[in-house]
Structures are given as structure tokens and as C-alpha cells.
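In what follows, a single structure is set out as C-alpha cells and then discussed.
The values are calculated or read from the model by the stated rules, or taken from the named source; none is laboratory data. Predicted, not measured: the structure shown is a model, and the values here were computed from it. When we count neighbours, we look across all protein chains shown, and the Cβ atoms used for this are built from the backbone with ideal geometry, even at glycine. SASA here: full protein model, heavy atoms, side chains in, ligands and nucleic acids out. Shrake-Rupley method; radii C 1.70, N 1.55, O 1.52, S 1.80 Å.
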Amino acid sequence: MNRTRVIGEEAPVGSGSTWTHRRLLPPWLRREPLSLWLAAIAVAGAAALPVLYLVVRAAESGESAVDSIFDFDTLAILWRSIQLIVLVTLGSVLIAVPLAWLTVRTDLPYRRAWAVASVLPLAIPSYVGALAFISAFGPKGLLQGWLEGPFGVDRLPDLYGLTGASVVLILLSYPYVFLTVRATLWRLEPEMEEASWTLGRSPWQTFRRVTLPLLYPAIGAGALLVALYTLSDFGAVALLQYDTFTRVIFNEYNSAFNRAVAAALSLVLLAVAVSLILIEASARRRARYYSGANAARRRRRIVRLGRWRLPAFIFSSLVTLLALGIPVFVLVYWLTRGVNAGESGLFDWGAAFTSVQYSLAAAVVTVIAAIPISVLSVRRPGLLSTGLERFSYVGFAMPGIAVGLGLVFFGIRYATGIYQTVYLLVLAYVVLFLPVAVGLIRSSLLQVNPRMEEAAMSLGRSQINAFLTVTVPVIRPGLAAAAIMVFLLTMKELPATLILGPIESRTLATSIWSAAEEAFFARAAAPSLLLVIASAAPMTFLVLRERSRN
Amino acid sequence: MTTEIPNFLARRTILMALGLAAVLVLVIACSSDNNNDSSENSGPSDEGGELIIYSGRSESLIAPLIEKFEAATGIDAKVNYAGTGSLAATLLEEGDRSPADVFFAQDPGGLGSIIELVKPLSDELIGRVPDWARSSDNLWVGISGRARTVVYNTDALSPEDLPDTLEGFTDPVWKGRIGWAPTNGSFQAMVTGMRLIWGEERTRDWLEGIVANEPKVYAKNTPTVAATGSGEVEVGFVNHYYLHRFLAEEGDGFAARNYFLPGGGPGSAILVTGAAILKTADNAIEAERFLDYLLSAEAQSYFAEETYEYPLIDGVERADMLPDLASLSTPDIDVSDLGDLAATQNLLREFGALP
């Protein structure tokens, strides 16, 4: 009774506004509200600012900057970058997909604990992770020290170069794939897998033939993020002595002080990023991944691992031990050494509070900004919507310093009021981390049958109301995962925070950098541990909510 | 029917709206925090004024000094800490709209890149440091000195095993035992010094010899010193003060010490950090007082005792563990000539030392 009355009130307003704009728009724009298109275009426009800046800088010096690209051994650098990207992406998928499946679908012991632990490496800044790995496994690291007494090992093999850089980057970035795959696994509807079981296929065959193909979009989205992150990372490749584009660009900014050449090289890096984005797009299947019935509330069958339980347990333990255990162990080691040496006041709670504030704001704003682009690219695949979605990825591939300087360039000219305030900083975070949110939201939207929303609209709800009340609750795991991922990434973001942060503001990431730069390892360890702890909280919350729902 | 009223979908919408509102409040709260800061600070600014510093030297070293400056002058100093390179680039992007008053840089290269944005300093200020430690046109002044040196692993080597000059390390016996950081600005400044002192040919020979000895490449000074201490390499070409940070944190057991080349030459070049005042500074008077403070006995003693650097003004003693500047047989070069690194980088690239 009540519901009918509500609908009766809303119907004229909703249908009226829809009707008006539909008449004004060309046919290909008619189905979604104009405001959604405008919002998506505005967000993509913001993401374009740093690119525009790079073009302005590179063009300003005329041909000389372009020529100078050929002063470098650009092809060799390109080849090295590609090798690293391929290894890191493959490695991340091989670790993340089984881990996601094990923690969602099986009777793996302590799977919720593994789920939290498996995402946390994302909270470790790559320079801290690389430093910790070198301390632990370097030719003369902690491990060598322990082996020397009993076994007489006086030197471990070098971990520098391609091997070390790819191992460290895999361990720090597989969570991108883990999270996208996990969010999708939660929403996969069980009938197809059940049918496969009914037809007598083993769990492994079912996984390979039924589940895995359904996961392709999520794996693709996660793998693209890993590839772009690898392209833009500076900390790990610098410490592990592997020359990629970012190292050359960093050198141009920091010792050659040549912004034009740095901009030209950054554009080459962007071209690589665009190729990666196009590769993922061509591999992406056009198919939808929802079923006709709404089976979302049905109980899902848990796969019994049987004799595979122990190997699965060892696999999960090993990944967590390497990716989280080693860095945390080394950080605690540095911290206790510092405390024993009499250092005090190592924990900077003010910086932790600032970091959490910035990261919360970034998470909420980025998720909201990602919704229009995600919805349009899923519901209205076409040149414009797909273009907008693909374009939103470029920020993630750009060196943070280029994004920071791009927003300095525009901020100081056209937005003086918000220059060096948290608002411009949050905009930078949106530009940098938008694709992470878009990827996660897209994969969960792909599983929502649009007919549910259409049904709500036919019952008289406005389009926005139908989206908020029908679709949003269904894609909530995707939205939550997106918010948490952006939160973790913002917590550790350094170059843009250094350039754009309000003057006198100090975050955990900047404290770590400031201390590590001067070899004060104990002072770097304390904020690093706080960073991991502060990131663990929202992740635990997300996993516990999954439990209450299922 | 009426039991359906508390619709769970509506509840979620409300929850979401509440969440959004909470975050908006947070954002506004933290931006108004900043406003509060500035309004609180406008109190002392009546007496002392305000100052905005862009510091390429890190907060962990400089923040205590800034506090002393504020206490001594009543000036409210706000510092933007970041890398020298990104700050120089930021200043160039900001142009004449820059809020900065002072640029405090890690090396002359950073100052050189923004030289058109800064204004001449007073003769009195400039006159406090030796001629070699300032820009020839009085546009920036050196604040503290650091020596290039060789750090060696004390388990593997003793000083007698080490050559008199850097050229000794081109001997094939050093193969696989050297660590260096060719992307580091101080290292590149040293190679620029080589080109000035030794000339192009001799510098090439040196680079060729070192590259043939397959040195381990590190990202910068800190990891080079760490690797020398752990025995990963036996010697490293670095700035002198990083060792003292490790000794302070890890104790005297840290297995590395500095070796100041008795033969001098570019291997013991003295480099400086420096500061300049922006042409567009709104707080030019406070900016001058800051530079005046950096070149005071108090601040120079701080550099000597807390950061193990060389003080540059007369009457302040270096830290006990450091050798006398005069005894370092430092080469006779003008540090402002070390700022131009482009040719050096091309040379390093030619030998594959830079990507």
C-alpha cells in the first residue's frame, strides 16, 4: 500500500524530466541522463589535465625535447620496461587468482584472515618494500647473517636487476588482481558452477571451464592495473637497480632539471600505457556476465579441498609470509634497533591522522567520480563511453611527479583559491587512482542485470532512484573494494603529496620518505608500520561484512 | 503490507548519504584546520611576520633548526619539504605566482635551474662564506659543506689497502668490489669537477676504467653506504656525512668508515647546500633574516654537530670526527661551476652508466 503511494508521487516528476532531455539529445545519448554523460566527461577531463600539461611542456621547447628522446637508448629502455611488465603481470595473476578463489570458495582454514593478509601488501610503499627485501635477502642481508654461522654461507646471490625487481613488484602488486577477482567471485551466480558439478565435473574442471572464463574481465582489469603500476613505479626499480622509463624521467627532473625532456619522455611512457590499455580492451569480451534470475541471495556451495587443503594452506602462508611477513619483520627489526639505541618519539600520530583524513576523502570522491564512467561504459558501450573509460586509466600510468606538476601548472593559474589545499590534492588522487575504482566498479556492474533497474523504472522510479536503490546495493562489494583500494593507495602516495600537499602538512608517506632519505631507518619504520595498521582496519571491516552477508 | 515500510534499500541509501556527509565534514574540518593554523599564526605574525620556505633538504634534518629560528625571531616559518628537483620544477611551474619566499636546496644544480627566479643577496650575507661556496653573481649562498669521499668496508680493507686518488680504483684488482650511484646529483657534480680539473680525456679514461671494473649501481648515497657496511661491496664513492647517520643508528659496530683520499683531486671535492630568495617573495625581510640565521654561529654549529656537515662561516668548528677542510687537499674549483650537469650526463650515458 505504502509503496504504491510513493510511486504515485514520484512518477510524474521522473518521467517528465526523462522525456524532456530525451527529445533534445541525439539518439545515441538518449538512454542515460544527460547529467551522467556530463559528469563522466568532466571526470575524464580532469584526468586529462596532466597529459595536457606534458604536451604543453614538451611542445614548448620545440623539436629539441623530441630530438633528445633519441639521445637515450629509448628502445633498450622500452624493451627492459616490457620485460618487467610481462613478468610482473603474469606473476601477479598466477598468485592472485588461486588465492582469491581459495579465500572465497573453499574450506581453506582461516580464509578470512588470509583474505585480509593478502590485500595488505598493497599498503606497503614500493620503496619500503624494496628496502626491506634488500635488507632481508640481499647478498649480505639478514638471511645471509643467519646462514653464515651454521652453514658458512658468506654471500647470497644478487637479487638486483630484473629478477629482484619483478619478484618485489609481484609481491607488492598482486593484490590488484586479487581484489578485482574476489569482488567478482562474490557476485558470480552459482547455477553454472552447480550445473557443472551436477554433470559430474570435478571442482578443478569446473574452475577451469566455468569459473575462470567468467573471471576473465576481472583478471584483465586487475592485470592492467598491475601493468600500469609497474610502468609508473620508481621506488622498487631504483633500489633494485633495474633501469626503466621512470628512472630516466626521475633523472631528468632531479639532476638534469630539464622539464621539457622529462615531459617528452613521460609522453613516450604514456604511449606505452595506451598500448597496454588497448591490448586489454581488445582482449576484453563483449559478453555480459549476469544470469536471468536473481540468484544473488542463494547460498553458495563451498568447495571441499580434501587432500589439497594442506598444499593450499602452505601456498597462502607462503605468499603472506613473503609479501607481508618479510617487510613487517624488517620494519619491526629496524624499530626495535632504534628503540634500543635510545630513540624516542618515533610514532607521529598527527601524520597518521592527516593520512587517514586525506585517504578517506580521496576514497569517497574517487568512487563517486568513477561511477558515471563505469555505468556508461557497461550500459552504453560505444565510442564515447569506452573512450572515456579507457582514458581514465592514463593517470595511473603517469609518474606521480608529472601528475603533481600538471596540477601545479593548472592550479596556480586557474584555481589559486584551492592551490596548496587539500582540495587540489584530492583532485590529484582522483586523477591517479580513478582507474582502480573504475575497474572494480565495472566488473561488479557487469554482473547486474539491467532489467532489474528497468523493472524499477517501469514501476515509476526515476532513473537515479532506481540506480541508487536497485543497482547500488547489488554492486556494493565492488564499491567498497574500490573505496578501500583507493584508501590504501592514497595512504602510501608520495610524489604528488609532496608537491601538492598543504604547506606544513605531514603524512605517513612523507614522514617515511623524509626519514629513509637520510638513512634514519628506525624513524622510517614507525610510520611504515602505522601505515600497514591503518590500512588493515578498513580491509578487516570489508572482509567481516562479507561474512555477515553470507 | 505495513511490515515492508522499513525498506532495507532506503536504509542503505540513508547510510550512504550519512557516510558521504561524514566524509565531507572531515574534509571541511581538515581544510579549516589549516585556516585555523594560519589565523592562529597571524598572532605572532604581528610581531615576527611570516615566511614560506621550499626546502629540498629533508624535514628530519631541518625541522629542529626551523624551530630554533622561529624561537629566535618570532617569525612563523612554514616549510614545504620535497626533493630539490621536484621543488625546482614546482617553482618553475609556479613562476611569478609562487607563494615561496626562500628556496633551500640540497645542491647548486637545483639553485642553478631556477636562477632567473631569484634576486641578488646582500654583500654582507654573501661575504660570510668563502668565495668558492657561493654563486659568482651573488644569486645564492652556500649554507653547509659536504666532502666527496670513499667509504670502505672495515672487515675487508684497511686504509693502507686504498689508493691515493680515485684513479687508483681503475686498477683491475678492484673488479666487482666498487659501489657507486651514477644517477645521484652529488656524484654527477663530482664528475663535472673531474672534467674541470682533469679535462675531458682523463675523465673518460677514468670512467672507462671504473665501468670495466663492473661497479654495483645503487640508487643514491644511502644504499651505497649500507651496502658497503654489509660487505656487499668493499668501497663506495659517496658524500661523507651518510656514514655518520649509520654510525649513530647502528653503533660503532657498523663495518664501514670514510677514507679521505690523501691525493685529493675531484675525489675529495667539497660540495655545498645553498639557499636563495625568490624575486617574488612577499616576505623579503623575513627571508633575509632566515638566511642571516642559517649563516649564524648557532645554525652553523647545528650543521656541524647534528648533521655532520662542514660549517662555512669563520669561527664555527667542524665536528671532531671530521678532518680539516684544509687537510682534504680539496680541488680549486668554484662550486657554482658544478651546477651544469648536462654534459656530464651525456658522458655518463655514453659509458652506459646512466640509462
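Structural remarks
- Some residue of segment B:301-314 being in contact with a strand residue (DSSP E or B) (Cβ under 8 Å, 6 or more places away or on another chain), part of a helix (DSSP H, G or I) and open to solvent by 30 Å² or more (accessible area, probe 1.4 Å): yes
- Residues of segment A:265-291 that turn out to be touching a helix residue (DSSP H, G or I) at 6+ places or on another chain (Cβ under 9 Å), at pLDDT 90 or above and among the small types (Gly, Ala, Ser), as a count: 2
- Any hit, segment A:230-242, residues being open to solvent by less than 10 Å² (accessible area, probe 1.4 Å), of a type in the set (A, V, I, L, M, F, W, C), within 29 Å of residue A:268 (Cβ to Cβ) and assigned to a loop (DSSP other than H, G, I, E, B): yes
- Any chance residue B:61 is modelled with pLDDT of 95 or more and either over 21 Å from residue B:295 (Cβ atoms) or part of a helix (DSSP H, G or I) (or both): no
- All helices (runs of 4 or more DSSP H) inside segment A:382-473 with 2 or more residues being within 12 Å of chain B (Cβ to nearest Cβ) and within 20 Å of residue A:358 (Cβ to Cβ): A:400-414, A:422-445
- With respect to the conditions (1) of a type in the set (Ser, Thr, Tyr); (2) more than 30 Å from residue A:404 (Cβ to Cβ); (3) open to solvent by less than 40 Å² (accessible area, probe 1.4 Å), residue A:110 falls short on a single one, namely (3).
- Cβ pairs under 6 Å, 6+ apart, first in segment A:157-179 and more than 14 Å from chain B (Cβ to nearest Cβ), second among the aromatic types (Phe, Trp, Tyr): A:173/A:229
- Yes/no for residue B:221 being open to solvent by less than 10 Å² (accessible area, probe 1.4 Å) and under 24 Å from residue A:145 (Cα atoms): yes
- Just so you know, in segment B:110-133 the residues that are closer than 26 Å to residue B:166 by Cβ and open to solvent by 10 Å² or more (accessible area, probe 1.4 Å) include one that is nearest to the other protein chains (Cβ to nearest Cβ), and it is B:112.
- Boolean, residue A:408 is touching a Gly at 6+ places or on another chain (Cβ under 9 Å), crowded, with 24+ Cβ neighbours inside 10 Å and either under 25 Å from residue A:49 (Cβ atoms) or modelled with pLDDT of 85 or more (or both): no
- If you go through segment B:227-255 and keep only what is more than 7 Å from chain A (Cβ to nearest Cβ), closer than 22 Å to residue A:160 by Cα and not in a loop (DSSP other than H, G, I, E, B), you end up with B:227, B:228, B:229, B:235, B:236, B:237, B:238.
- Condition met for residue A:257 (assigned to a helix (DSSP H, G or I), at the interface with chain B (Cβ under 9 Å from one of its Cβ atoms) and open to solvent by 20 Å² or more (accessible area, probe 1.4 Å)): no
- Flag if residue B:105 is open to solvent by less than 10 Å² (accessible area, probe 1.4 Å) and either over 25 Å from residue B:184 (Cβ atoms) or more than 8 Å from chain A (Cβ to nearest Cβ) (or both): yes
- Top-ranked residue in segment A:197-206 [being surrounded by 13 or more Cβ atoms within 10 Å (Cβ to Cβ) and at pLDDT 80 or above; ranked as farthest from residue A:283 (Cα to Cα)]: A:201
- Segment A:339-359, subset within 10 Å of chain B (Cβ to nearest Cβ) and within 19 Å of residue A:125 (Cβ to Cβ), residue surrounded by the fewest Cβ atoms within 10 Å (Cβ to Cβ): A:353
- Residues in segment A:515-534 that are facing another protein chain (nearest Cβ under 7 Å), open to solvent by 10 Å² or more (accessible area, probe 1.4 Å) and assigned to a helix (DSSP H, G or I): A:517, A:521, A:523.
- Only one of the numbered conditions (1) more than 12 Å from residue A:237 (Cα to Cα); (2) out of contact with any Pro (no Cβ under 8 Å at 6 or more places or on another chain) is not met by residue A:155, and that is (2).
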